[in-house]
Each structure stands twice: as structure tokens, then as C-alpha cells.
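I have placed the structure first, in the form of C-alpha cells, so that the comments after it can refer back to it.
Derivation of every value follows stated rules applied to the coordinates shown; laboratory data play no part. Here the structure is a predicted model, which means the values were calculated and not measured. No Cβ is skipped: glycine too gets one built from the backbone with ideal geometry, and neighbour counts run over all protein chains shown.
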Amino acid sequence: MIEFKQVSKHFPPGISALSDISFSIGRGELVFLAGPSGAGKSTILKMIAAMERPSSGQVLVNGQDITRLKSASLPYFRRNLGLILQDHALLLDRTVVANVMLPLLISGASRDDALMRATTALEKVNLADKAEAYPLALSGGEQQRVAIARAIVNRPQLILADEPTAYLDRDNATQVMNALQAFQAAGVTCIISSHDEEFLGSASRVIYLNQGKQSQTWQSAAMATSS
Ligand code: ADP
Ligand code: ADP
């Protein structure tokens, strides 16, 4: 589903964010990008979402070289991604359910249809009872699960989550990870960056990065035989 071929990324003036990264991720995998802050994890997620271009190398998504996508087709491409990025905050002056309805309304759904699908999405992350609340009345973990509901309301086949458990206590982090694992169990491919090691055991594969270099890749035995 996703293939990185010798991908490097430089930012001026001479920062090497990624050097010579190669991996492939199959449909339905739950993959962690692990490594310290600054390792290049966000850059990889942004490349998969066609928000950063590699300086060299290829990024294939479903066999398509996304570095060659025309800018006019980017919104359509991203509509099929569930993005949970660090800088995509919730709208604080709108209710939880209104936040989750937003992507559907933007892509032309009717209000009734959007409300129904947003409610289903909130049920999937266990937040149906908070639909009419405002984001600031929720705990950090609940806010992150609203962001997940918003990301999956279009039923994407691929979820990209950048440090979804950062700043959360253990209980909230566990709830967020359980929500993401439930999507994987339903067949959705999930790629999650994390600098903490606690949840790595639930992955089908862990790609370790350090200073933009792939240091090692761990793959569960079950996945190694099936992919
Ligand atoms: P991580 O997500 O693992 O914390 P990032 O992918 O955010 O790492 O960053 C990798 C490196 O690239 C860091 O040195 C970071 O400062 C640099 N970097 C990321 N984005 C930019 C940018 N837009 N401009 C300049 N440097 C950047
Ligand atoms: P955490 O410690 O994980 O941040 P909180 O203790 O803040 O969680 O929240 C626990 C519960 O209290 C949550 O269900 C949340 O919705 C509710 N809550 C938190 N802050 C407020 C608030 N300002 N107004 C109403 N409810 C709140």
C-alpha cells in the first residue's frame, strides 16, 4: 500500500531530515514510527499525505508516485486519508459533533447525513455522550479521540497519526491507542508516530528512526510470514 524507495529530505540550510529511507507497508498493518524527537517521524507522515516532497527518492501510495500528483488532485487524494496531525487543532467554538461533521460538510454531504455519520464516528471512539460538549470541556484524551473521529468520518483506508498520545496520561493514551487498534482490526492501515515505547508491542511492525536514519525495523512473526 505504501512504499518508500531511498527517500531523502533536506531542509535549507543543510538540515538532513531523512536520509535514504526505504520500507513498504501492506494493507491492514499497524506500523509504528519510533524514535526521539527530531528523528524524522513527522516528515515521513507528511510525505505520505503529500504535504512534503522528498528531495530524492520515491513515495508510492497504492502504486502511485504521489510526488507526481498535480496540486489540483491533492484534496481528493487527502480525502481518502485519516490525518491526525499535531497542528490540526479542533475548533473550540463548535461542539464536538460539529467538529466531526466538518469534513463531511466540506465534501458536500447533507447536514442530516453528516450528523448521522459523525454520530457513528463518535460511537467508534466511545464519545457519543460528549457530542454536544465543547472541546475545552473534554480531557486531553477525549479531545484526541474527537480528532480521531474527525479523521475517520470519511471512512479512509489509511490513518496517519502523529504522536497521538503525546501529553496524555497513561489511561487516556491507552484509550486513544485502543481506538486506533479498533480501526486496524476493521481492516484500516494505521501508521502512528510515537517517541514512547509503551505501545509498540501492539504493532505489526516498528520502524525505528534516529536523526533521519532508519536504525532497525522490528516485525512481528505473524506479519513476517504473511507479507
Ligand atoms: P520528529 O517527528 O521525529 O520529531 P521531524 O520529522 O519533525 O521529526 O523533523 C526531522 C528534522 O527535520 C528535525 O531536525 C526538524 O527540525 C527538521 N524539520 C522538519 N520540518 C522542517 C521544516 N519545515 N523546515 C526546516 N526543518 C524542518
Ligand atoms: P485528564 O486528567 O485526563 O485531563 P480530566 O480530569 O480533565 O481528564 O477530565 C475528566 C472528565 O471531566 C472528562 O470526562 C471531561 O469531560 C470532564 N471535564 C474536564 N474538564 C471539564 C470542564 N472544564 N468542564 C466540564 N467537564 C470537564
Worksheet item: Separation between the residue 123 and residue 73 pseudo-spin-labels, each 7 Å from Cα along Cα→Cβ, expressed in nm?
Response: 3.6 nm
Worksheet entry | At 0.692 mPa s and 37 °C, Stokes diffusion of the range 86-170 via Kirkwood alpha-carbon radius, µm² per second | 255 µm²/s
Fill in: Where the Cα pairs of the range 1-129 fall when distances are cut into 10 Å bins, in %
11, 34, 31, 20, 5, 0
Item to complete: Multiply the residue separation of residue 218 and residue 22 by 0.36 nm, subtract the distance between their alpha-carbon atoms, and state the gained length in nm to one decimal.
Response: 69.2 nm
Fill in: Residue-span extension gain [residue 80 to residue 55] - 0.36 nm each, minus C-alpha spacing
6.5 nm
Item to complete: Could you pull the Rg and Dmax for the chain, using just the Cα atoms, both in Å?
Response: 17.4, 51
Worksheet item: Between residue 197 and residue 93, 0.36 nm times their residue separation minus their Cα-Cα distance comes to what?
Response: 34.0 nm
Discussion item. Rounded to whole Å, give me the distance from the Cα center of the range 8-44 to that of the range 196-210.
Written reply: 14 Å
